[in-house]
Every structure is written in structure tokens, then in C-alpha cells.
1. For segment A:183-223, name all the residues that are over 23 Å from residue A:21 (Cβ atoms) and small (Gly, Ala, Ser).
2. Do you know which of the residues in segment A:340-360 that are touching a residue at least 60 places away in the same chain (Cβ under 8 Å) and part of a loop (DSSP other than H, G, I, E, B) is farthest from the other protein chains (Cβ to nearest Cβ)?
3. Does residue B:139 meet the test of being touching a Gly at 6+ places or on another chain (Cβ under 7 Å), among the small types (Gly, Ala, Ser) and within 7 Å of chain A (Cβ to nearest Cβ)?
4. Go through segment A:464-486 residue by residue and tally those that are surrounded by fewer than 24 Cβ atoms within 10 Å (Cβ to Cβ) and either part of a loop (DSSP other than H, G, I, E, B) or touching a Lys or Arg at 6+ places or on another chain (Cβ under 8 Å) (or both).
5. Taking the condition of being under 17 Å from residue B:93 (Cβ atoms), assigned to a helix (DSSP H, G or I) and more than 7 Å from every other protein chain (Cβ to nearest Cβ), how many residues in segment B:122-136 meet it?
6. If a residue must be at the interface with chain A (Cβ under 8 Å from one of its Cβ atoms) and not in a helix (DSSP H, G or I), how many such residues does segment B:156-171 contain?
7. Only one of A:226, A:236, A:264 is of a type in the set (Val, Ile, Thr), modelled with pLDDT of 95 or more and closer than 24 Å to residue A:86 by Cβ; which?
8. Looking for something of a type outside the set (A, V, I, L, M), modelled with pLDDT of 95 or more, surrounded by 17 or more Cβ atoms within 10 Å (Cβ to Cβ) and in a loop (DSSP other than H, G, I, E, B) - is there at least one such residue anywhere in segment A:361-377?
Amino acid sequence: MSVPDPIVEGLARGWKVVDAALVTRDRDIECDVVVIGSGAGGGVTAEILAQAGLSVAIVEEGPLVGSTDFRMREREAYPRLYQESAARQTADRAITILQGRCVGGGTTVNWTSSFRTPPRTLAHWSGAHGLTTMTEAALAPWFAKMEERLGIGPWGMPPNENNDILRRGCQKLGIPTGAIRRNVKGCANLGYCGMGCPLNAKQSMLVTTIPAALDRGATLVHRARVTRLAFDGNRVVACEARGVERNGAAPGAHRIRLRAKHFVLAAGSIGTPSILLSSGAPDPHRVTGKRTFLHPTVVSGAMFAQKVEGYYGAPQSIYSDHFLDSLPVDGPVGFKLEAPPVHPILAGITLPGFGTDHAAWMKRFPNLQVLIALVRDGFHPESVGGQVVLKSRWPVLDYPISDYVWNGVRRAYLAMAEIQFAAGAQTVMPLHEGAIPVTSWRDAKAAIEGLPMRALHSRVVSAHVMGGCAMGNDARTAVVTEAGRHHQLANLSVHDGSVFPTSLGANPQLTIYAIAGRMAANLAQSLKA
Amino acid sequence: MPTRRQFIKVGIAGAAVLATVRWLDRSEAAPTANHRFLDSGSVVMTAALVPVVLAGSLPEESAARAQAIREVVDAFDRAVSGLSPLVQKEVDQLFSVFRYTPTRFAFTGLWAPIEEAPAAKVAAFLTRWRHSRFEIQRAGYQALTQLIQASWYDNPSSWAAIGYPGPPRLP
């Protein structure tokens, strides 16, 4: 196949890249800024700092893998490109978390959905969390800039059947839907975004900002897990990392020590707080790792007479915010409706049950249609999210699902079933261990009202980990300032989704790009001054 | 729903039993030559769980079926080795519970080893765990079934039966 691979080409041009799993001696690296994490926050930050003429080193826990190795196979992609083989779970195992672990982070494996931060979310951040610079007007230029940089725009092809069923079902019921904008250039509508784009059409960090930073002389250290930050008073003096193989359980024998004037944490909402916690970073008000949000996501399956083929075509192209917009943000919990890609492993492990009942659904796999509801957590006093803690030095997210969230889950099951039947479903089944397939909306309604809302009965997943190092102007409740600067450590910043004070109510990549971009531009200016 | 007797059995005995298992299992068996995680005992137990979890999905013909079960066990091993050390430890504990008759009986109701128990009895214990009031049993059920399901549907030889044509050719 003759798709040019920008990683192979960049390496041939002489990029400075260190595979930490293969180093044979201790290494020391000096630079102006160390960026920990290469996802949405780290990628944007690295490019902007490198453009400003600063010397940058990027440290990434996952491997450097390019399009040559993206073969659209779940069995290869999940262990290689995701945290804990795409089976990371909350402490009680009730929520499965899909989180990237590779160069480009989540952006290498996400489904390309691009939303500006919902205005109501920004208004809540201002009203309830006292943020002053996160306004629509102030962020608009950064949204525009990142949209331009990453090819974000309307998607020109018709939605695949899996998404179109969401559109048609909502239309029948008078529920408004919208078209999802995507960060793609030359997309062939394959449907395998979650396994790494084999055409480099997805404008992830892997093919945009990271190559740009490396072309400007940045260093990339991959397969390197940061074990700790070292402090001297209120300054970070070094960051230590070790090589990682497979799941990273056994750290490599050699340490890599990175020294810099400034350090940026962009390791995601589990990684960033866990590095601070394991390093013993000052945290006088014990806020680090608290208020971590997930958009807890529940799933409804439906069988249609026609083929749906949810494995092909842009995975997400239609959404509905009706069940967010029709409620006050701090009222009963709202949810965003979307459709996911439907591939054999994901479907196989998400459908409830086992044996012949499970097999019966899998046998009609091409006719399987799936909707998801992403619950907007963090806007209500009864929705405080979870907490990142360390267990035997391993980061774990403890996220008990509150009754407030469960109430939204039940309404989400109802909404999804009604939409699926309105679009002509033969049978619908909420993906819950107590559910059985039903053939009418009336039966679905009765069955869903009777389902126990309990952990490990309802299948709950998350692809959006947010919060945990909230930004804010009060050090008693926030870890960093609105500029991303740590309240206690003078030369440490956080540039990733962990700065959100709540979840977003929308897929987070574009919000992270815009906020990290603005933080990075400010940082570059202050470091050059 | 679990009976009151089961509640007491699991609730009171559970903690003590897990502690005993941990003590008994301090001499850990090594993975087999072909595996990263599974030892010879857990290979046999996994192979016994596979046809129950995948009933209705595996090939009928006996050689193809035996081959499929072997491949699922190998994929199960690869999958577990890619999980966090904390989850690996829990999977290991599950196998320890299954290995010793008193703990196996207390937790699953199976007197005979899993590999000797009739499929219907294995399915019955998985169903009890599935709907159990104890999170630990529901979590154990989900870990075992999902690992086995993932290990089968990652195998291209499972795709024809479900009508999945596989990834497209690149344009």
C-alpha cells in the first residue's frame, strides 16, 4: 500500500526520537520545556512552544506507531494504542474507560467528533466556578485557529446507516439533531478511526503538531512512563521516566532524567493527577485528582430488518443535544445522544449475557444498530465525579455512580429505545445484564422502568476522562490557574482536559485544543520574555 | 436473586476465604511455556469456561471446535497480560478460588473441578454471579465472560458466522 507515512518519513529526516524501552543506559536530557503527554493538550503545546523557538522534549507513555502499522484490526489496536488494552476500569470495575496510550494520545484513536465547548458549559464555569477568561468570545479565536490547523469542518458525506437511524428516529419524534463536524482531510469514510487512521486523513496530533514540533528540533521520548517529578522548593527541577513495555507493569532498568526551565503536564485526567500524587507535589488543600468526570455512557442495541453495517463509514456524524438543552444545566442530569462504531470485539463485550442468548445477537451483527448516551456529570452538587488514587503505585479512578447519575441513565435508556423504535427497530435491548430484548416501545418502557440501576448491571463506558486538576482562581478549590499555571509550583503547568472544572457535555478534543493552545501561547510569551 | 443462605455464605466467609486463598497461593505456579500469564491449571480451567461462555458461537465440527478453544485460551492469555497489574492480580485470585475445593464450592457451588463439571452447572454459576447482589461476583462474571468474548471475536475465524466481512481494502 502506498500511503505515505509521515512517521517513517520524519524518522528518515532525522527526528530526535528515543524509544525508552530500548535504552541501554541512563540518559539525561536538557531542554527549555518538558511536555509530558502527546495527546490533544501535549501535541498542541509542543508545536506552539517549538514554533516560538523553545527547545522542547515530549515524553509519551505509549509507542510511536504510524499509519503503516494501522491495519484496522481491534486485536492489534487495543493492546497497542490504548491504556490497559482498552480495558481500563474504575476502581469498582463498573465503568470501562477507553483512553489512548500512544503518540498522539486519544487523538490517534478517537472518532474525530469536533465540538466547540457548549456555551452553557462556559456560562456554568463562569457562574459556579468563578472563571473569568473562559468565555465564548475570548475562546472564539482559539477555536477558529485550531479548526483551521486541524481541518475541522462539516463532513461532506451522508451519515452511515447507524448514524442515520439516530437522525430518522429523532425526526419522527420531533427531536432536533445536528451534524457532527470532523477533523479530517481526504477521509475515505472507512470507519476505523478508533484503530488509528490508515490513510492519515484524521488530523490527529500524530500527523500534525507532533511532526511539526519534531521538524523544529523537538525531542520525543516514547514508551516512557514518568515515575516522578523532583522538586526544589516551589520549583520542579527534573522529571524522571522509565521505559515501558506492554502494560507497563515492569518498569525498565534505566532512568531517563529530563531537566528544564518549565514543565507541562498533559498526561490526561488520570495520568496528570497521578504523576502529581506519586511525586508528592504540594497539595495543601487536597484537591489534586478530585472531581474527575467521565461522561458516563450507556448503550442501547437494536435489531433492524435492513443491514446497518455500523462497522463501516464515519463512526460519528449525527448527534442530538435535545436531552441536554431541554433541562437546566444544574437540574436533573442531561445526556448527549450519539452513535458509536460497531466492531466485533466492542460489540461482543458490550452486549450483555453469554452463551446462546449472546450468540443470537452476534449472529445478526450486520443488522445491529447502537446508540449511546453520554451523561453530563459535574454540574450538580450530587454529581461530584470521581477521584484518582494510587494503589500499589498504579493510578486508579474511584468513581462511584451516584443516584443522580443513575436517574439520567434510566431516562437515557428510555429515550434511546423510543428513538430506535421510531426509526423502525424490530427489537431493542438496553445493554444491561437484567434486560431482555423487547419488540415494542410500550414493552421497552415497562421493562426499562423495572431495571435495577446498579453498578455492574448496567454496562457503563467512558471515552472522555476530564477534570482532576481543575483550573480556578482560588487555590483552595483549584490545582491550576486559568492560565494553566500550578498554584503551588512556579514552573509547572497543566495543559489537558484535567483542567476542566466539570465535564463538558460534548466530545472534548476541540475544547482541549483551544484551551491548551491559548495556555501554550501565553507560556511561550512568558518564557521568551 | 441470591438466597439468604448464599448471602451469609458469601458475606461472612468471603473475606476469610480470600485471605486463605492468598496464603495458600503464595507459591505461585509459573506460566506455561506458551503463555505469559496462565499456568497449566488455569489453562485447563479457561478451556472449560470457553465452550460455556461461547455456547452457540463456536464451530460444531470437533477438530475445528478444539482448535477454536485453543485459540481463545491463547488470546485470553494475551489479553490478560495486557491488563493492569491490579486486574491481573484479581484474575489470578479468581483462578485460585476455582482451584481449591472449599473456596470453589463456597463461591460457585461447584464441588467438582470446573473442567470436570457439567456445562449446565458452570453456566448456572455464571448466571448466579451475573445477577448476584455482590459486586465482587458480578465483577468476576464480567471479567471472565468479557475476556473470553473479546478473545473469540478478535479472531477472524469467528467473523463469517456473524456476517462481518472484515476491514475494507484501502482505496
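1. Those that are over 23 Å from residue A:21 (Cβ atoms) and small (Gly, Ala, Ser): A:186, A:188, A:191, A:194, A:201, A:212, A:217.
2. Among those residues, the one meeting the criterion is A:340.
3. No; evaluated as a whole, the condition is false for this residue.
4. Total meeting the criteria: 10.
5. The total comes to 3.
6. 6
7. A:226
8. yes
The values are calculated or read from the model by the stated rules, or taken from the named source; none is laboratory data. These figures come from a predicted structure and were not determined experimentally. Cβ: placed from backbone, ideal geometry, glycine included. Neighbour counts: every protein chain shown.
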